[in-house]
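Here is the structure we will look at.
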Amino acid sequence: VQLQASGGGLVSTGGSLRLSCAASGLQFNRYTMGWYRRAPGKQSELVATITPGGITDYADSVKGRFTISRDYSKDTVLLQMNNLKPEDTAVYSCKASGRFVPVYWGQGTQVTVSS
């Protein structure tokens with residue numbers, strides 16, 4: 001099983017980035033996919049999740065700015081991040097989880113928002 005995250009980078013305040021997490025080796029339609037982030041000196045926090053049926057959930061801090069989606073043709077979960085703020089700076093990681101299946105984590109991708 002592999003979760004390959006990409007799309008991070010350096011952006012100015014107010015800018016946008018799109019993160020992508022490509023899943024392989026698992027039955028994608030059985031898993032809830034999520035994005036988590038960890039900022040320096042802080043605990044990991046949930047950013048957004050999407051169920052196999054497309055139900056989404058977001059942290060209050062990103063509602064209205066971030067959109068999570070999944071592409072079943074590519075077994076990929078996307079995180080569109082708009083109006084980025086310096087406090088969004090963190091390492092972002094994707095997670096696959098669900099009922100009666102193992103949990104998998106991908107490697108992180110760095111997002112840095114300059115003020």
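The values are calculated or read from the model by the stated rules, or taken from the named source; none is laboratory data. The structure displayed is predicted, hence computed values, not measured ones. Here Cβ is always computed from backbone atoms with ideal geometry, including for glycine, and neighbour counts include all displayed protein chains. Remember, those area values only see protein heavy atoms, side chains included, never the ligands or the DNA or RNA. Shrake-Rupley method; radii C 1.70, N 1.55, O 1.52, S 1.80 Å.
Counting only C-alpha contacts under 8 Å and six or more residues apart, can you give the relative contact order of the chain as a whole percent? Intermediate values should be presented prior to the final figure.
Details: 279 pairs, mean separation 41.1, N = 115.
RCO, the chain: 36 percent.
How large a share of the accessible area of the range 15-83, in percent, is made up of carbon and sulfur atoms when the probe is 1.4 Å and the other protein chains stay in place? All intermediate terms of the calculation are to be shown ahead of the outcome.
Values: 1640 of 3580 Å².
Of the solvent-accessible surface of the range 15-83, carbon and sulfur hold 46 percent.
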DSSP loop chymotrypsin sites (Phe, Trp or Tyr not before Pro) with at most 12 other Cβ within 10 Å excluded, longest remaining stretch of the chain: 1-71
Please work out the Cα center distance from the range 18-38 to the range 53-91, rounded to the nearest Å. 11
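Before anything else, pin down the relative contact order of the range 1-51: Cα pairs under 8 Å, at least 6 apart, normalised by residue count, whole percent.
Numbers: 59 pairs, mean separation 14.6, N = 51.
It rounds to 29 percent for the range 1-51.
Excluding residue 51 itself, calculate the net charge of residues whose Cβ lies under 11 Å from the Cβ of residue 51, where each Lys or Arg counts +1 and each Asp or Glu counts -1. Before the final figure, lay out each step's value.
Values: positive: 30, 70, 99; negative: 57.
For residues surrounding residue 51, the net value is +2.
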Could you derive backbone 3J(HN,Hα) for the range 21-26 from the dihedral phi with the Karplus parameters 6.51, -1.76 and 1.60 (θ = phi - 60°), listing whole Hz in sequence and x where the residue is Gly or Pro? 10, 8, 9, 9, x, 9
For the chain, just run the numbers: alpha carbon Rg, then divide by 2.2 N^0.38 Å, N being how many residues it has. 1.00
What are the ³J(HN,Hα) couplings of the range 45-56, residue after residue, when phi is run through the Karplus curve with 6.51, -1.76, 1.60 and θ = phi - 60°? Round to Hz, x for glycine and proline. 9, 5, 9, 6, 9, 9, 7, x, x, x, 6, 10
Return the single residue from 18, 65, 99 with maximal mean-square fluctuation; model: Gaussian network over the chain, springs between Cα atoms under 10 Å. 99
Treating only Lys and Arg (+1) and Asp and Glu (-1) as charged, each at its beta carbon, one finds that the range 16-71 has a dipole about its Cα centre, in Debye to the nearest 20, of 140
Measuring from its Cα centre, the chain shows a charge dipole (+1 at each Lys and Arg Cβ, -1 at each Asp and Glu Cβ) which, in debye to the nearest 20, is 100
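What percent do you get for the relative contact order of the range 62-115 when only Cα pairs under 8 Å and 6+ apart count? Mind showing how you got there, number by number?
On the way: 69 pairs, mean separation 15.9, N = 54.
Dividing the mean separation by the residue count of the range 62-115 yields 29 percent.
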